[in-house]
């Protein structure tokens, strides 16, 4: 994720929720620095997984992305949309109108969950541009602990984050950049890398942002 630095300030400690609510209140979805007209690269990996249309797909840190709209249009029927920002989730609900009732919306913190940890048997964990905001070791550990708790055997993990040559900051926040090998190390030997590719995202302001997209599958043990 990235946006104009002038639109963001470094948040005070423990106010990340407020930070993102402000970001979503300040701009319409189309003017957010991380806005994609189409989530085609994520859709490509979901289709590569060949999960059924009723597969349980957890989209973490979904923001006000149009990904949910696209998945509904593609016929996926068991979608979960999570974000830390209530404003982002409300924007998605407002856009989807009556179709919003088809989605399970969860406002919760990935690294200190109170609702997400009640889920189970997730077929696909999908993360575009969330993991790279977690810098502390305990934050990363919490993220991957939750992921491993929720994703079922033979389930999939899609992680798209800033590549090693990607931006160092987003919206005033420092970032942890990744390679596929670094993600594999975090996931461990229970997960197999199925596909990876580099993709340069051009944001609404013309900025080029190199990403690494990965698809892992949990081994059936």
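Annotations
- This ranking places 123, 69, 83, 104 by how few other beta-carbon atoms lie within 10 Å of each, fewest first, which gives 104, 69, 123, 83.
- Fully extending the segment from residue 197 to residue 69 would add 43.7 nm, taking 0.36 nm per residue of separation and subtracting the current Cα-Cα distance.
- Residues 66, 97, 219 arranged by fewest to most Cβ contacts within 10 Å: 97, 219, 66
- Packing, as the average of other Cβ atoms within 10 Å across residues, places the peptides 186-194, 86-94, 150-158 in the order 150-158, 86-94, 186-194, highest first.
Coordinate-derived values only; no laboratory data. Note that the structure is a prediction, hence the values are computed from the model and not measured. Neighbour counts are summed over all protein chains in view; Cβ atoms, including those assigned to glycine, are modelled from backbone coordinates with ideal geometry.
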